[in-house]
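Written below as structure tokens is the structure these notes are about.
The values are calculated or read from the model by the stated rules, or taken from the named source; none is laboratory data. In this text, all values refer to a predicted model and were calculated from it rather than measured experimentally. Neighbour counts run over all protein chains shown; Cβ positions are idealised from the backbone, glycine included. Heads up: the accessible areas ignore ligands, DNA and RNA and are worked out on the full protein's heavy atoms, side chains in. Shrake-Rupley method; radii C 1.70, N 1.55, O 1.52, S 1.80 Å.
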Amino acid sequence: MSDSLPNTAADDASVRLSNGRLAAGRVAEAAELDAADPLAHVRERFLLPAGVIYLDGNSLGALPAAVPEALNDAVHRQWGTDLIRSWNANDWWGAPARIGDRIGALIGAAPGRVVCGDSTSVQIFNAIAGALRLRPGRTVVLADPDSFPTDLYLADSMAGLLGARVRRVPVGELAEVLRADGDTVAVIAYNHVDYRSGELRDLPGLTAAAHAVGALALWDLCHSAGAFPIDLDAHDVDLAVGCGYKYLSGGPGAPAFVYVAERHIADFAPALTGWHGHANPFGMEPGYAPAPGIERARIGTPPLLSMLALEAALGAYDDVPMTAVRAKGLALTDLFITCVTDLGLETLTPLEHARRGSQVAVRHPEAHAVMAALIDRGVIGDVRPPDVLRFGFNPLYIGHADVVEAARVLGDILETGAYKDARYAVRATVT
């Protein structure tokens, strides 16, 4: 799937030696990097529990410090006191577009091209429908067989409803398939970052390849939005979706967003046409007429408490250049890859910066047990089948010292065989 580091068996002797080197040689390096980190102060914008190194921000971002007070105000004043007047007095109605513009600034989208408010699944469903309708006569959706499963389930569902066909094509074969069969393809629908390996796909190149044969490009940004610059407008992307609860730290179940290129907005026809996307929503007209702008991608009443939590969370990015976020993310993942290589472990994550997101995937045959032991020791990551330990590095609140300490704990667990304890063989419902 991607270039990987050498697959070396981590016997006890090599782990003991490597763990010693980690303790002796990497701590000072991490301290120097943290001392020079221009984003070190941003860590204060998050409420991080003591004794925890949180490396699961690629699944659920840590709690931004501004969110509790924002929710307190939303519940007690806006809902409790202002009641339904808040739709006007506190501009609840404008939240989807307002928050969409804030997200747009992080992903390289001009104002009026992103709207927020429904789940990732709903946004993907609507985006695929919109893409197929923008390319009448074309009946093929190309999708990566390694995509996050929901993307594939929804592509299959929408294709079935609209008489289209999903063809699963590995990303490495996509350009060739487009050259050979592109005249039947309506849209390519791919994850920007592979959720297992952390491999960053060539969004500009593959978007251009799709356009060369008249197809559209739809990108799932769930594992990239907020982690590094994306530049949707500059790269001529047609459609994109992403969630609010990973790197954006909007909270569990935070609403997702959809991006529609300006050239497509007037013709974008989503599958779900709710009253919030109507041109005259309070006219209560029996027939649907889409709003003239990105508002047509709205559906129904959004989850306002979650919306306002996400809006407060996005304040963590104030005055933070996305180029600096990217530079630190690469430095953190470089350091972790070096550390796990010292431990004799294999990583699936590409070494090349241009092909790496902001997570590192490490292989171990007892991945579930190893991660359970890590979590027990305060290092929180997650697992993906069959044997992948995933570690996500949010540059806003992870430091280089966290990286080295996490690797040291991992090395100790492997050296001592602590993961072999029977309690770690019991798998939790959510992994």
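Listing for the model above:
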| read-out | value |
| --- | --- |
| Residue count, segment 78-106 (criterion: over 18 Å from Pro321 (Cα atoms) and basic (Lys, Arg)) | 2 |
| From Val122, Val115, residue being closer than 30 Å to Gly315 by Cβ, assigned to a helix (DSSP H, G or I) and under 18 Å from the mean Cα position of the chain (by Cα) | Val122 |
| Subset of segment 157-194 (residues that are closer than 16 Å to Val122 by Cβ and not hydrophobic (A, V, I, L, M, F, W, C)) | Ser157 |
| Out of Ala254, Ala227, Ala215, Ala180, sole residue that is aliphatic (A, V, I, L, M) and either modelled with pLDDT under 95 or open to solvent by 20 Å² or more (accessible area, probe 1.4 Å) (or both) | Ala180 |
| Residues of segment 385-417 satisfying the condition of being more than 17 Å from Tyr54 (Cα to Cα) and either free of Cβ contacts under 8 Å to residues at least 24 places away in the same chain or open to solvent by 10 Å² or more (accessible area, probe 1.4 Å) (or both) | Pro385, Pro386, Asp387, Asp412, Leu414, Glu415, Thr416, Gly417 |
| Some residue of segment 418-431 being among the hydroxyl-bearing types (Ser, Thr, Tyr), surrounded by fewer than 20 Cβ atoms within 10 Å (Cβ to Cβ) and in a helix (DSSP H, G or I) | no |
| Residue that is surrounded by the fewest Cβ atoms within 10 Å (Cβ to Cβ) [pool: residues in segment 257-288 that are farther than 19 Å from Gly112 by Cα and aliphatic (A, V, I, L, M)] | Met284 |
| Residue check for Ala105: of a type in the set (Gly, Ala, Ser) and at pLDDT 95 or above | yes |
| Residue list for segment 347-373, filter: closer than 14 Å to Ala227 by Cα and surrounded by 21 or more Cβ atoms within 10 Å (Cβ to Cβ) | Arg356, Gly357, Ser358, Gln359, Val360 |
| Output for segment 122-139, where each listed residue is closer than 20 Å to Leu174 by Cβ and either touching a residue at least 60 places away in the same chain (Cβ under 8 Å) or surrounded by fewer than 23 Cβ atoms within 10 Å (Cβ to Cβ) (or both) | Ile124, Ala127, Ile128, Ala131, Leu134, Arg135, Arg138, Thr139 |
| Pairs with Cβ under 8 Å, 6+ apart, first in segment 256-268 and of a type in the set (Asp, Glu), second assigned to a loop (DSSP other than H, G, I, E, B) and crowded, with 18+ Cβ neighbours inside 10 Å | Glu262/Arg113 |
| Candidate set: segment 37-64, residues that are among the hydrophobic types (A, V, I, L, M, F, W, C) and either free of Cβ contacts under 8 Å to residues at least 24 places away in the same chain or part of a helix (DSSP H, G or I) (or both); chosen: the one nearest to Pro303 (Cα to Cα) | Leu47 |
| Sole exception among (1) under 30 Å from Ala331 (Cα atoms); (2) loosely packed, with under 11 Cβ neighbours inside 10 Å; (3) not small (Gly, Ala, Ser) for Ile84, by number | (1) |
